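Heads up: the structure comes next, in structure tokens.
Readers should treat all values here as calculations from the given coordinates under stated rules, not as data from a laboratory. These numbers come from a predicted model, not from an experiment. Counting neighbours? That spans all protein chains shown, and the Cβs are built from the backbone with ideal geometry, glycine included.
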Amino acid sequence: MAKKQEIIINKSAIKKLASLTRITLKEKEAEVLERDLEAILGYFNELNELNTDGIKIKVSGVEAENVFREDMPAISPSESRADSAAVRDAFPRAEKGYIKVPKVFE
């Protein structure tokens, strides 16, 4: 198993993260964030030390697969045209086969 590169959190990394996320941190906040991120990444470093040879990679906790079906129209094209015509005929205003609605934006 290859050794993973350890991520180091320091003041310059915190400043860069703050810049990238466009947040302003006070000195005390930056110190707290540095400590918290070091602790979080420390847990990941511990996990990196585990021997995972022979363990299948999982992307979900649920064993599920996609179920595919044939793509079939729910109604025939002639029924679709009849439905469209019925909607158009029921609408108060229509022009060139399209329904007309009041303007939403000026």
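Residues in the stretch 70-90 that are surrounded by 10 or more Cβ atoms within 10 Å (Cβ to Cβ) and of a type in the set (D, E, K, R): 79, 81, 83, 88. You will find that of 7, 14, 55, 75, the residue that is in a loop (DSSP other than H, G, I, E, B) and touching a helix residue (DSSP H, G or I) at 6+ places or on another chain (Cβ under 6 Å) is 7 and no other.
Within the stretch 17-59, the residues that satisfy the criterion of being in contact (Cβ under 8 Å) with a residue 12 or more places away in the chain and either loosely packed, with under 11 Cβ neighbours inside 10 Å or of a type outside the set (A, V, I, L, M, F, W, C) (or both) are 34, 38, 45, 48, 51, 52, 53.
Taking the condition basic (Lys, Arg) and in a loop (DSSP other than H, G, I, E, B), does residue 69 pass? Taking the combined requirement at face value, the residue satisfies it.
Residues in the stretch 45-102 that are of a type in the set (Gly, Ala, Ser), on the phi < 0 side of the Ramachandran plot and more than 37 Å from the chain's Cα centre (by Cα): 78, 82, 85, 86, 90, 94.
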